[in-house]
Amino acid sequence: MQVMSGMSDALNRYLDLTSDQMKLTAANMANVDTPGYRTQGFDFEQELTKQLSFSAGEVTSPAVQEVDGLVARPDGNNVSMDREGMQLAKSQLQFRLGVELMKHQFANVMSAIHAEAK
């Protein structure tokens, strides 16, 4: 019996992508003082759409690229801690949303299991 549904597979991909975003943001923050470091990022919505188009079990890493439009310091580094802090807060909220939706999916499965027992 398969417990995972299409929705839970989509939520799993959503959570993985959100986790990737948080890791990338943390890497940007860790390199705030690295001369020449360029801020990395990816388009979350575009990557989620791409991930959802794949069949089950087929997953790729997000297409990471340099973030345009940021002001570089004289050493060539363009990491903005304000931007990264906002990005981290956004990713944390997205992750919490995904976890709550996943909890509801499993609650529905448990409800269906208990309904058959009655």
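Observations
- Under a 5 Å amide H cut-off, with hydrogens placed 1.01 Å from N, Gln40 pairs with Val67 among residues at least 5 apart or on other chains.
- Sequentially through the range 31-37, phi angles give Karplus couplings (6.51, -1.76, 1.60; θ = phi - 60°) of 9, 4, 9, 7, x, x, 5 Hz, Gly and Pro residues having no value and appearing as x.
- Whole-Hz Karplus values for the range 104-114 come out as 5, 4, 5, 5, 5, 5, 5, 4, 5, 5, 6 Hz, taken residue by residue from phi with 6.51 cos²θ - 1.76 cosθ + 1.60 and θ = phi - 60°; glycine and proline positions read x.
- The amide H of Thr34, built 1.01 Å from its N in the peptide plane, has no neighbour under 5 Å, considering only residues 5 or more places off or on other chains.
- Build a GNM of the chain with springs between Cα atoms under 10 Å apart, and of Asp20, Asp82, Asp43 the one that fluctuates most is Asp82.
- Within the chain, helix-based [θ] at 222 nm, where runs of 4 or more DSSP H residues each add -39,500 (n - 2.57), nearest 500: -21500 deg cm²/dmol
- Take the Cβ atoms of Arg73 and Ser19, set R0 to 41 Å, and the FRET efficiency comes out at 0.90.
- Contour minus Cα-Cα distance for Ser53 and Gln92 (0.36 nm per residue): 11.6 nm
Just so you know, all these numbers are worked out from the coordinates, no wet-lab data involved. Just so it is clear, the structure is predicted and the values come from calculations on it, not from any experiment. Virtual Cβ from ideal backbone geometry, glycine too; neighbours counted across all protein chains shown.
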